[in-house]
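Participant: Questions regarding the structure given below will be posed in turn.
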Amino acid sequence: MLDVKSLTGGYAGALAIEDITFSLGASESLALLGRNGAGKTTTLKTLMGLLAPWSGGIEFKGAAITGQSSDRIAHAGIGYVPEERRIFESLSVTENLVAGEKPGRSGRIDWTVERVFGLFPEIARRSAAQAGTLSGGERQMLAIGRALMGNPELLLLDEPSEGLAPVVVNRLGDALAALRSDGIAILISEQNRNLARRVAENLVILETGRVAYRGNFSGLDGDPAIATRLLGV
Amino acid sequence: MGFYVAQFLTGLASASSLFLVAAGLSIIFGVTRIVNFAHGSLFMLGAFIAYSISQKLGFWLAVPLAALSVGAIGWAMERTVLSRLYAAPELFQLVATFGLVLIIQDAALWIWGPTDLLGPRAPGLTGVVRILGQPVPEYDLFLIAVGLMVLGGIWWMFTRTRFGILVRAATEDREMLQALGVRPARLFQVTFFIGAALAGLGGALEMPRQPASLLMDLNIIAEAFVVVVIGGMGSVVGAFLAALLIAQLNAFGILILPEITLVAAFAAMAVVLIIRPYGLLGKPATTQPHAVEIQPPQTLAGYGRIAAIALVAVLVVLPLVADSFVVVLTGDIMIFALFAAGLHFMMGTGGLISFGHAAFFGLGAYAAAIFVRDTGAGMEIALILAPAAAAVGAAIVGWFAIRLSGVYLAMLTLAAAQILWSAGVQWQDVTGGDDGILGIWPAQWASGTTAYYYLTLALASTGIAALMMAAGGRFGHLLRAGRDAPARAQALGIDIDRRRWAAIVISGTAAGLAGGLFAFSKGSVFPDVLAIPNSVDALVMVLLGGLHAPAGPILGASVFALLEDSLSRLSYWRALLGAAVVGIALFAPGGIAGTISAWLTGRRKETA
Amino acid sequence: MSTVLAADGISKSFGGLKAVDSVSFELAKGDIAALIGPNGAGKTTCFNLLGGALAADGGQMRLGPTDITGWPPHRRARAGIGRTFQIAATFRSMTALENAETALMAADAAPENASNLLDDVGIGALADTPVTALAYGDVKRVELAMVLASNPSLLLLDEPTAGMASNERLRIMELVTGLVRARGITVLFTEHDMDTVFGFATRILAMDQGQLIADGTPEAVRADRRVQQIYLGETESGDA
């Protein structure tokens, strides 16, 4: 579904990721782990077309999307949930969802406002509230719901657990697991391994902008030294 | 009591068209981040087009058709010019819309001629109603209703349609919206159409109240800028409240002292900016784009000093070999080169945009003229007073300006200049109004063509040299540091606010000296010196010469004067100027010096 | 040891979120202290409070004996705080040398010393190159030369190695530590790369959710239970 080859990029001349290569099969999910500053956010932003890649290639469903504008990448079937959530704070919850509305690649419409509210009853209760008044967890649910309204086949999630209480993270894990079983592929960047493993089997660990480890969670559990070296202090 | 109610209703009626223009301006800014200086021109076009249509189809069809036509014109403007400038520095976006003002102005002159055109009154609404015994035109009540209906309509669009939701989302976070799959281009086009149509509607509805005239564009845009700055850029409700405030200030201010209405609007803006720098309902911008391109100065390397000495030598010898026409023209060029050099200092080195620099030029000219007229004292003191008066004016404008940046600064300076211009026209006791002030002649010793030429040469070359040295020296480096990377500059200990303020005052002082020299050169002062076209001339000289070349203002003023001398007799000289401005913004942002320097660099690379 | 910087209960909220929540610490002369923590922990906000780019909601800051709470950035700079930015900020219309000269002018020092500054950071040979034409690693060096221009007593370095290729990280940190030791400058830096943190810091401050949760020697902080939890991504409940 997604093939990333030797992706290199960064901001304003500053290198942030170097030679990143990984791929994702159909309906597969992958976790991108690493300490902050490792290049997870840059990788996702570059995939989404928010940063121009310096070199390397990105293929989605067999077509090259390298260097395309973010709206075209969205229309190709990729949904994006950014790290800071970036919900439209002056809009109501429902309006945020409407702003994300678009048919999927083949004109399919699987997601409606009602279905998103079914997945996240927490925000359904606040449908008319201004999004700026939502709590951290509600904002994250809204950002995910808004991305789902575009009927994506692949969802990019950038550190969804950041700043959230454990029970809320748990709740998000349930929802993401449900999306997985629905057949939506997920690429999740996380520092919270517990959440990441509920969503994905395979993982890539980045360290200072490069791929430092590639494998799956059972492999990682069997080798705590790697985890401490790449993720701990 | 009844009288005050009537006056209040008149104010509300005036607020309607002001609101229509300001709302469109604000919506366009919110989505595209472009301040459309040509928005007043769209209002004017609305009035003219409505007049023409009404001659065939009558009033009630003319109004909506004019609004739609103006919407289409706005859409075309976006497609042809502005869509190419979304990634450009703010200065070029502003300058391009300014060029459109000039083009539309001459287009209207060509199509409708120079005379004001009074349209028909609205059939069915020609009478008056008595409210508390006072007559109130039915049409005024209709306008109030339209203003409220449009506000309601915009509210409906913003909350009940997907397009409106997208506009609000884009105003908040355009990049995120694009990542959700919304193509910015289409959103921008529709936004421009709607914003322009609102301005066109405002203009069309003015038909029974005032004739369509070629002055409508700049008058309304200056007021609309005040309104959006007070209301907060991007906020429609803010625009509505501010339009009410300004219209009521006008309606009641005129009862107390007619002249005060001009100052009142500006004072209201000043108060709001001190309390809430982003306007009543505005929000601070999240990202601050660069006002001008960040570039090294294009110097003449080691040849600068030689070139300067050679130029002064030629200018010294000139009166000995040339006829008096050439001497007078050259004297004028030097005055304008000084004016442009001041603006260049502030914009190029400081990154501070002024679209109303004529304010300081005019302050200098009027200060000199009023002093000579009222005291009968000589030119020498007047030529000290001229830059001093401009410096005071610049210090006041600059005090607000350093709180603002980029587009706000451009709007503030334009509004300030427009208000001073109105004062020049209306405050007859002091300025003589349109008749100006006559008989402002140089002192005996400087009165001949050649003598005054040498005086001009001495003062202008000293002024320009001082500006160049300031730009190239410590002050200029620290100012430029604040332009290039404000946070970095502050973290190195540079008080950038104070330095920017000083830059504005220096720039205004140079303009004031130029204005004083100009007054004695012509022997008279008219409100033209304060008018927008004078600001535009200075701006064109700076951009034409090259924003980043120290010699740019001299080059720009010379080329401009020669062009003006040969082309200004053409009827549509302003449109040519406008086209040139748009052309510079689109194709040659470096001006003459920048283009030559880019060409030289290219050649050097080829040969290397 | 004399205290160079003291933060006493500094706080900053955005909306309802406490980005920095009553943080207190002191830096002694010669400390090379690292400020670490996950994204959103409040490191950048803390830096902006110390540099003066943001005004604190509460608390006090002292530089040496001087209360600098409420001072704007340029005044703090003149009092002796130098800072670099996460994405190196230089004056892009100037050459490397002009950048250093401008920094010296800003500190009321003689611009003639600019080439010495560039030599100190190892880019004397690139003096006449426009900064826009420099490799990013060299831009970071220009920025470092600029902050040294005022002879600061305290340097705030926001991710000094971010954006650099892996082989350059070590070199820049060796340069920085060498320079500050020779000049007796105190350093507070944020950094994501743990090799850099443990390789160079003499002291580590760890933040999470706006609060300072650990402060001590590298060994002590590495052994701290809460720090480990945060970095290994285990939630408090420890389930799954």
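The values are calculated or read from the model by the stated rules, or taken from the named source; none is laboratory data. Computed from a prediction, not measured in an experiment: that's the story for all the values here. Cβ atoms come from the backbone with ideal geometry, glycine included; neighbour counts cover every protein chain shown. Quick note on the areas: whole protein, heavy atoms, side chains included, nothing else; ligands and nucleic acids left out. Shrake-Rupley method; radii C 1.70, N 1.55, O 1.52, S 1.80 Å.
Participant: Whole-Å semi-axes of segment B:490-608's equivalent ellipsoid, largest first, each the root of 5 times a Cα gyration tensor eigenvalue?
Facilitator: Output for segment B:490-608: semi-axes of 28, 25, 13 Å.
Participant: Now for a different question. So how tilted is helix B:496-522 from the main axis of chain B? Cα-based, degrees 0 to 90, rounded to 10.
Facilitator: Compared with the principal axis, the helix lies near 80 degrees.
Participant: Pop out the Kirkwood hydrodynamic radius of segment B:2-215 from its pairwise C-alpha distances, inverse of mean 1/r, in Å to one decimal.
Facilitator: After inverting the mean inverse Cα-Cα distance, the result is 18.1 Å.
Participant: How many partner chain Cβ atoms sit within 10 Å of a residue's Cβ in peptide C:98-108, on average, as a whole number?
Facilitator: Mean shielding count: 5.
Participant: To check you understand DSSP bridge types, tell me what percent of the beta bridges within chain C (both residues inside) are antiparallel, rounded to 5.
Facilitator: Of the beta bridges lying entirely in chain C, close to 55 percent run antiparallel.
Participant: Kindly compute the accessible surface that chains B and C hide from a 1.4 Å probe when together, both sides summed, and give it to the nearest 100 Å².
Facilitator: Chains B and C together bury roughly 1900 Å² of accessible area.
Participant: I'd like the accessible area for A:VAL211: 1.4 Å probe, protein heavy atoms, all chains in place, Å² to the nearest 10.
Facilitator: Around 40 Å² of this residue is reachable by solvent.
Participant: Sticking with this one: How big is segment B:330-531 along each principal axis, measuring the range of its Cα positions in Å and listing the largest first?
Facilitator: In descending order, the Cα extents are 53, 35, 25 Å.
Participant: How many square angstrom of accessible surface are buried between A and B, both sides summed, with a 1.4 Å probe and rounding to 100?
Facilitator: Buried: approximately 1800 Å² between B and A.
Participant: So what's chain B giving for Cα Rg divided by 2.2 N^0.38 Å, two decimals?
Facilitator: Dividing the Cα radius of gyration by 2.2 N^0.38 Å gives 0.98.
Participant: Beyond 19 Å, what share of the Cα-Cα pairs of segment A:79-213 is found? Please give it as a whole percent.
Facilitator: 48
Participant: Assuming R0 = 45 Å, what is the FRET efficiency of B:GLN55 and B:TRP399, from their Cβ-Cβ distance, to the nearest 0.05?
Facilitator: 0.35
Participant: Another question about this same structure. For the protein assembly as shown, with every protein chain kept in place, what is the accessible area per residue (1.4 Å probe, Å²)?
Facilitator: It amounts to 38 Å² per residue over the protein assembly as shown.
Participant: Here's something else I'd like to know. Against the empirical 2.2 N^0.38 Å scaling, what ratio does the C-alpha Rg of segment C:1-128 come to?
Facilitator: In units of the globular-protein estimate, segment C:1-128 measures up at 1.22.
Participant: Could you tell me the total accessible area buried at the A-C interface, probe 1.4 Å, in square angstrom to the nearest hundred?
Facilitator: 2300
Participant: Okay, moving on. How many angstrom lie between the Cα centre of segment A:121-198 and the Cα centre of segment B:184-209?
Facilitator: A separation of 40 Å, based on Cα centres.
Participant: Relative to the first principal axis of the alpha-carbon coordinates of chain C, what is the inclination of helix C:96-106, with its axis defined by its Cα atoms, in degrees from 0 to 90 and to the nearest 10?
Facilitator: Value to nearest ten degrees: 80.
Participant: In deg cm²/dmol and to the nearest 500, what is the mean residue ellipticity at 222 nm of chain B if only DSSP H runs of at least 4 residues count, each as -39500 (n - 2.57), divided by the residue total?
Facilitator: Rounded to the nearest 500, the figure is -24500 deg cm²/dmol.
Participant: Sticking with this structure for a sec: Dividing the convex hull volume of the Cα atoms of the protein assembly as shown by its residue count, what figure in Å³ per residue is obtained?
Facilitator: It comes to 191 Å³ per residue, whole-number rounded.
Participant: What residues in segment A:197-233 lose 30 Å² or more of accessible surface when the other protein chains are added to their chain alone (1.4 Å probe)?
Facilitator: When all protein chains are present, A:THR208, A:LEU231, A:VAL233 each give up 30 Å² or more of accessible surface.
Participant: Return the average number of partner chain Cβ atoms within 10 angstrom of each residue Cβ along peptide A:99-109.
Facilitator: That works out to 3 on average.
Participant: Okay, next question. Would you mind pulling out the separation of the Cα centroids of segment B:120-138 and segment B:520-580, in Å?
Facilitator: 47
Participant: Would you mind checking the pairs A:LYS102/B:LYS283; A:LYS45/C:LYS140; A:LYS5/A:LYS40 and listing those with alpha carbons more than 20 angstrom apart?
Facilitator: A:LYS102/B:LYS283; A:LYS45/C:LYS140
Participant: Hey, got the Cα dimensions of chain C along the principal axes, in Å, largest first?
Facilitator: 59, 40, 37
Participant: At a probe radius of 1.4 Å, what is the per-residue accessible area of B:THR126, in Å² to the nearest 10?
Facilitator: 70
Participant: If you count only protein heavy atoms and use a 1.4 Å probe, how large is the accessible surface of A:THR228, to the nearest 10 Å²?
Facilitator: 70
Participant: May I pose another question? Could you list the chymotrypsin sites (Phe, Trp or Tyr not before Pro) in segment A:35-135 that lie in coil according to DSSP, counting only those with at most 11 other Cβ atoms within 10 Å of their Cβ?
Facilitator: When the chymotrypsin sites (Phe, Trp or Tyr not before Pro) of segment A:35-135 are filtered for loop state and at most 11 Cβ neighbours within 10 Å, nothing remains.
Participant: At a 1.4 Å probe radius, carbon and sulfur cover how many percent of the accessible area of the protein assembly as shown?
Facilitator: 61
Participant: Something else about it: When we measure straight from the Cα of C:LYS18, which aspartates and glutamates land under 17 angstrom away, once same-chain ones fewer than 8 places off are left out?
Facilitator: The qualifying aspartates and glutamates are A:GLU84, A:GLU162, C:ASP8, C:ASP57, C:ASP208.
Participant: For segment B:281-426, rounded, prolate or oblate, judged on the Cα gyration tensor with a ≥ b ≥ c (square roots of eigenvalues), a/c < 1.5 rounded, else prolate if a/b > b/c?
Facilitator: Since a/c reaches 1.5 but b/c is at least a/b, the shape of segment B:281-426 is classed as oblate.
Participant: Sorted by accessible area with a 1.4 angstrom probe, largest first, how do A:LYS5, C:LYS43 fall?
Facilitator: Putting A:LYS5, C:LYS43 in descending order of accessible area: A:LYS5, C:LYS43.
Participant: Within 10 Å of each Cβ in B:469-478, how many Cβ atoms from other chains are there, averaged over the peptide?
Facilitator: Counting Cβ atoms of other protein chains within 10 Å of each residue's Cβ and averaging gives 2.
Participant: Same structure, new question: Keeping all protein chains in place and using 1.4 angstrom, which order do A:LEU187, B:LEU214 fall into by accessible surface area, from largest down?
Facilitator: So the residues, ranked largest to smallest area, are B:LEU214, A:LEU187.
Participant: Oh, and also: Where does each of A:HIS75, B:HIS477 land when they are ordered by accessible area, with a 1.4 Å probe and the largest first?
Facilitator: Sorted by accessible area, descending: A:HIS75, B:HIS477.
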